[in-house]
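Okay, structure first, notes after.
The values are calculated or read from the model by the stated rules, or taken from the named source; none is laboratory data. Computed from a prediction, not measured in an experiment: that's the story for all the values here. Virtual Cβ from ideal backbone geometry, glycine too; neighbours counted across all protein chains shown.
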Amino acid sequence: MLAYRHAFHAGNHADVLKHTILALVLRYMNLKDKGWRYVDTHAGAGGYSLEGEYANKRGEYEQGIARLWKLPDLPAPLADLVSLVRAFNGGPALKQYPGSPAIAHALMRPQDQLRLFELHPTDHKVLASYLGETPGVEVKMSDGFAALKGQLPPPTRRGVVLIDPSYEIKTDYLRTLAALREALERFPEAVVLVWLPQLQLIEAAQLPQRLKAAADAGAKKGWLHARLTVAQADARGFGMLGSSVFVANPPHTLFGELQPVLPFLAQALAQFEGAKSALDRSGA
């Protein structure tokens, strides 16, 4: 949706969860020398100012990355995320937050590729100026859902896909499910990450089960689902309560790495007493 700007939400609890898992997946991919291709269907601007008007209108990062910024003894995956954010800032002050393309760029090697898709003209322009001339990176102002068929499988047969729409329009739920199915049909070994909002909507409640069924049918290595609930709905029942990340073909190490991380995040990022986390996987 062209009205959506992630800058309002940059660095919030959902970004912390999503980028912690993305970094874990790409670190795992880097254990082998053969290159990988990362496809980001809704790439955004690549990075966001936390001092600007957008971020401070809601201040969501204050309930997210800012809570972890100076905490001691973070679990290793969270310490890694904070170190990536520090490197993006280039100093000790938290002034900017990296989007998914920046996280992937920080972890890519010369043999790896980034394929970044963004429809919003302003965000695309920022992203293209940031990474468009980087070797191995392509930035395109086109529909990331539609672009998947041209990106999979990559020549190296090693690939990671991030599907992260805004869900501002309800068709995103159906298109996300279709995109997962298509990715796995074209490339059954693809590691596919899907970010999901936790909302009091039937579409949001149904999508995780539909993704699991699709992965059961098409993924060679099953699935994993990590959930984080940190907030309560408002008096009208609106608001994002938390989020989750669904992973088809997860690295075999991912479940064990996330087991201590999710309860820690539920406590560290809690906005009410009932904050909680959950982690499940196929075959469990």
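General observations
- Positions within segment 166-199 being under 20 Å from Phe8 (Cα atoms) and in contact with a strand residue (DSSP E or B) (Cβ under 7 Å, 6 or more places away or on another chain), in sequence order: Tyr167, Trp195, Leu196, Pro197, Gln198
- Residues satisfying the stated conditions in segment 218-261, i.e. touching a residue at least 40 places away in the same chain (Cβ under 8 Å), in a helix (DSSP H, G or I) and under 17 Å from the mean Cα position of the chain (by Cα): Leu254, Glu257, Leu258, Val261
- If you go through segment 264-284 and pick out every residue that is in contact (Cβ under 8 Å) with a residue 60 or more places away in the chain and under 17 Å from Met240 (Cα atoms), you end up with 3.
Every residue, every condition in (1) modelled with pLDDT under 95; (2) surrounded by 16 or more Cβ atoms within 10 Å (Cβ to Cβ), yes or no:
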site: Phe145; (1), (2): no, yes
site: Pro153; (1), (2): no, no
site: Arg181; (1), (2): no, yes
site: Ile202; (1), (2): yes, no
site: Ala226; (1), (2): no, yes
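One line per residue, one yes/no per condition, for (1) among the aliphatic types (A, V, I, L, M); (2) touching a strand residue (DSSP E or B) at 6+ places or on another chain (Cβ under 8 Å):
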{"position": "Tyr28", "(1), (2)": "no, no"}
{"position": "Val39", "(1), (2)": "yes, yes"}
{"position": "Ala45", "(1), (2)": "yes, no"}
{"position": "Glu53", "(1), (2)": "no, no"}
{"position": "Leu71", "(1), (2)": "yes, no"}
{"position": "Leu74", "(1), (2)": "yes, no"}
{"position": "Leu84", "(1), (2)": "yes, yes"}
{"position": "Ser100", "(1), (2)": "no, yes"}
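- If the condition is being among the aliphatic types (A, V, I, L, M) and in a helix (DSSP H, G or I), then segment 61-72 contributes Ile65, Ala66, Leu68.
- Single residue of Gln267, Gln209 found to be under 16 Å from Ala14 (Cα atoms), assigned to a helix (DSSP H, G or I), at pLDDT 95 or above and more than 16 Å from the chain's Cα centre (by Cα): Gln267
- Scope segment 39-60; condition part of a helix (DSSP H, G or I) and either charged (D, E, K, R) or modelled with pLDDT of 95 or more (or both); matching residues: Glu53, Lys57, Arg58, Glu60
- Residue within segment 257-267 that is of a type outside the set (Val, Ile, Thr) and buried (at least 23 other Cβ atoms within 10 Å of the Cβ) present: yes
- For segment 229-240, the criterion of being within 21 Å of Leu174 (Cβ to Cβ) and at pLDDT below 95 is met by at least one residue.
- Note on segment 33-73: residues that are touching a residue at least 60 places away in the same chain (Cβ under 8 Å), buried (at least 16 other Cβ atoms within 10 Å of the Cβ) and not polar (S, T, N, Q) amount to 15.
- Failed item, numbered, when Ala79 is tested on (1) surrounded by fewer than 15 Cβ atoms within 10 Å (Cβ to Cβ); (2) part of a loop (DSSP other than H, G, I, E, B): (2)
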